[in-house]
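Novice: One structure is given below, represented as structure tokens, and several questions about it will come after.
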Amino acid sequence: MKNSASYQSVIRSIGQQLDGSSLGFGAPFRVGQETTSNYGTSGLLGVGLEFDINDRITVYTDLLFLGPLLVKTTGEYKSEKISVGSDNSASLNYASGGYSFSTQKISIGGSYLLTPKLRLFASLENEKMTTKAESPVAFSVNTGGLNTVGTLLEYVSATNSETISIAGLKFGVTYDINLNRN
């Protein structure tokens, strides 16, 4: 039987893209296309603990909570919306800036040794990710020329912070292919 503690590090990248179409009724009638995309990279540091109950059963926990630590959280976002009206008008709304995120992850689980190399495992996992857009540049151009440069509303919406929570049960099997040459 062995009991152990280990330090863990994880590099995580995230990328998202949202494409949408808009349709405006009225005078003038408007049709538009909108694309929002972002990406970022972050590093996590944590600790893993493992305890053998007996020769077959092991319980463990992983706590990844010090992020962004290894890699400075970096990334960028971009949003653009193009629309055309029935009165021959057109407009472009554009915003871009920096993007950051941080995360904490906790997992608690156990495993059962089925054969000397085959193990069945299950764990409860909970992760909370916080994303934030920052340093925005925003403008709107229409057929009459430059319309606005970074209004207060665009600044507030472009620097929005979001929290994403993910929780669930993970289970499966592992097979030891013995890469250790001892």
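Novice: Measure up 128/170; 105/170; 81/128 against 21 Å on the Cα-Cα distance and list the ones that go over.
Specialist: Violating the 21 Å Cα-Cα cut-off are 81/128.
Novice: Quick check: residue separation of residue 17 and residue 50 times 0.36 nm, minus the Cα distance between them. What number comes out in nm?
Specialist: 8.1 nm
Novice: Which aspartates and glutamates have a Cα less than 15 Å from the Cα of residue 132, not counting those fewer than 8 places away in the same chain?
Specialist: Of all the aspartates and glutamates, those that pass the test against residue 132 - Cα under 15 Å, at least 8 places apart if same chain - are 76, 154, 162.
Novice: Can you tell me the FRET efficiency between residue 108 and residue 163 if r is taken as the Cβ-Cβ distance and R0 is 22 Å, rounded to the nearest 0.05?
Specialist: The pair residue 108/residue 163 has a calculated efficiency of 0.55.
Novice: How much solvent-accessible surface does residue 94 expose, in Å² to the nearest 10, with a 1.4 Å probe and all protein chains in place?
Specialist: The value for residue 94 is about 60 Å².
The values are calculated or read from the model by the stated rules, or taken from the named source; none is laboratory data. Keep in mind that what you see is a predicted model, and the values were worked out from it rather than measured. With ideal geometry, Cβ positions are generated from the backbone for all residues, glycine too; neighbour counts draw on all protein chains shown. To get the accessible areas, we keep the full protein, side chains included, count just its heavy atoms, and leave off ligands, DNA and RNA. Shrake-Rupley method; radii C 1.70, N 1.55, O 1.52, S 1.80 Å.
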